[in-house]
Amino acid sequence: MTGVTIDHLVAATTFIAAIVLFMGLFTQTLQTAILYQQNRHVALKASDLLDNILLNPGYPYNWGVTNTTLSVFGLQKPGESGYSLSSFALMRLTSLSGEPVEYPRDSGIWYNNVSIGPDSYLFIPISDTIDYETASRLLGINGTYGFQLSIAPIADVSISEHQSNPLTLKVEVKGLGFPLSGAILRYYFYRAYGTSQYGALELSTGVAKADSSGVAYLNFTLDGDIETYTIIVYASLSGILGLGHYSHRTFTQGSGVMPFVVDYEKGKIYLAHSWDVHDSGTPVPDYKFNATFFTLTEDRDFQEWAIANSTGHLNYGSRNYEITTLPIGQPGFLLVTYRSGNEFGMTLMPWGIGTLATTALFGGNPTGSVWTATDLRQVTVDQMAYNAKITCWSLEGYQIWEPSRGW
């Protein structure tokens with residue numbers, strides 16, 4: 001009996017051990033399957049969200065150029081099909097790329113800051129922007145999924161000063177990790193000079209071609225150390241269109257004249273004295289400016305458009321801003337030339353993000369998420385080639401089975 005009992009105990013122990021081992025293996029397999037299914041749901045949601053955002057214009061359809069309450073969220077350009085986006089709807093998204101700016105200082109009025117680069121600004125009242133929480137609610141994912149949306153140009157056109165006298169500018173054109181060899185470059189060169197109290201603007205245009213490494217050198221008969229200028233360069237190759245811009249100023253005190261979109265629906269713009277924004281020290285008392293708006297034509301050319309109060313005088317302490325108005329729904333860019341004494345500077349502001357190849361970054365922060373899914377689409381914004389990338393994650397957490405606690 002003792003031997004039989006021992007055999008039964010050994011067999012029972014072995015059987016129990018086998019069951020425990022099997023349950024462990026089965027649990028691991030089940031957990032892997034559950035995680036795969038949950039991750040697959042997130043990936044499918046990312047693709048679905050991206051198409052839902054890009055392939056409908058939202059409602060009202062013209063919400064990108066009005067201050068009306070948004071009831072459906074979408075970025076497609078009204079009246080067009082496919083992956084063509086509204087550059088004005090993109091302007092109204094609360095940006096993650098720059099810190100908000102207060103204007104006037106200590107006023108409590110804050111502006112959305114789309115970070116573009118030195119001497120280039122896009123400030124829109126935060127009250128006129130669409131924030132992440134609103135977009136999530138309108139998309140029906142509030143509390144279930146998070147997302148971050150990036151709309152960035154495919155072609156990167158960078159411009160730098162290669163030689164100052166005579167001026168030579170180096171233009172480099174890159175695609176997604178590779179140079180755009182042989183790209184055709186079309187440039188607009190704006191020079192500021194002092195033939196009047198407000199300064200004058202001179203335009204010259206030209207065409208060049210990038211070499212096999214995507215580089216071209218543009219030569220100008222002026223001294224870059226003592227001249228103020230802005231250059232805008234289009235690069236095109238095999239249907240891909242990119243743009244870059246670069247500004248140089250002789251003015252070294254403060255940031256000059258800064259544009260603020262104070263009424264989005266009416267196109268009302270403040271041309272503000274920079275000291276009332278963020279300059280420090282003793283303010284420069286006087287700026288005389290000359291503002292010019294260039295509208296974007298259907299063949300990707302820039303044409304001057306008359307605007308109100310195109311010239312003016314800012315005197316800190318008595319008149320800190322002037323007011324002008326831009327055409328509603330008409331993409332282009334504002335170029336402001338300003339002077340103080342014999343020193344000049346220039347400021348750029350896009351009117352519609354595609355005109356200066358501005359990047360839009362919108363949404364939540366995926367940091368700390370267990371798993372994220374991404375998806376991509378190639379889109380156009382004002383005929384410019386862009387990549388639309390979405391990052392999506394679950395906000396509901398991941399459910400894992402634990403034998404000691406059950407489901």
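In this structure, the residue pairs whose Cα-Cα separation is over 29 Å, taken from Lys266/Lys288; Lys77/Lys389; Lys174/Lys389; Lys209/Lys268, are Lys209/Lys268. Label sites at Thr168 and Ser115, each approximated as a point 7 angstrom past Cα along Cα to Cβ, lie 3.3 nm apart. For the pair His278 and Asp48, a Förster radius of 51 Å applied to the C-beta separation gives a FRET efficiency near 0.75, rounded to the nearest 0.05.
In region 53-139, taking the dipole from charged Cβ atoms about the Cα centre, the farthest positive-side position among Leu138, Pro125, Ser115 is held by Leu138.
So, with a 1.4 angstrom probe, what is the percent of accessible area on region 188-322 that is carbon and sulfur? All intermediate terms of the calculation are to be shown ahead of the outcome.
Numbers: 2690 of 6030 Å².
Of all accessible area on region 188-322, carbon and sulfur atoms account for 45 percent.
If the chain between Ser160 and Thr250 were fully stretched, how many nm would it gain, using 0.36 nm times the residue separation less the Cα-Cα distance? So the extension gain works out to 30.8 nm.
Please give me the summed charge of the neighbours of Asp211: other residues whose Cβ is under 15 Å from its Cβ, Lys and Arg +1, Asp and Glu -1.
On the way: positive: Lys170, Lys174, Lys209; negative: Glu172.
Computed value for this residue: +2.
The long axis of helix 2-54 is offset from the longest Cα principal axis of the chain by roughly 20 degrees.
Distance between the modelled labels on Asp211 and Ser107, one decimal in nanometres: 5.0 nm (7 Å Cα→Cβ projection). Per-residue ellipticity at 222 nm from helix content only, as computed over the chain with -39500 (n - 2.57) for each DSSP H run of at least four residues, stands at -5500 deg cm²/dmol.
Using the 1.4 Å probe convention, the accessible area of the chain works out to 47 Å² per residue with neighbouring protein chains retained. Put a dot 7 Å past the Cα of Phe178, heading toward its Cβ, do the same for Asn387, and the two dots end up 1.4 nm apart.
In nm, what is the difference between 0.36 nm times the number of residues separating Arg300 and Leu395 and their Cα-Cα distance? Mind showing how you got there, number by number?
On the way: separation 95, 0.36 × 95 = 34.20 nm, distance 4.27 nm.
Result: 29.9 nm gained on full extension.
Across all Cα atoms of region 171-291, the radius of gyration (one decimal) and Dmax (whole number) stand at 18.0, 52 Å. What FRET efficiency, computed as 1/(1 + (r/R0)^6) with R0 = 25 Å and r the Cβ-Cβ distance, is obtained for Ile126 and Val72, rounded to the nearest 0.05? So, using R0 = 25 Å, E works out to roughly 0.70.
Pairs of C-alpha atoms in region 263-351 farther apart than 19 Å represent 41 percent of all such pairs. Comparing Cα centroids, region 45-122 and region 314-380 end up 12 angstrom apart.
Length gained on full extension, Thr311 to Gln378: 20.1 nm, using 0.36 nm per residue less the C-alpha separation.
The values are calculated or read from the model by the stated rules, or taken from the named source; none is laboratory data. Just so you know, these numbers come straight off a predicted model, no measurement behind them. Note that each Cβ is placed from the backbone with ideal geometry, even for glycine, and that neighbours are counted across all protein chains shown. These area figures cover heavy atoms from the full protein model, side chains too; ligands, DNA and RNA do not enter into them. Shrake-Rupley method; radii C 1.70, N 1.55, O 1.52, S 1.80 Å.
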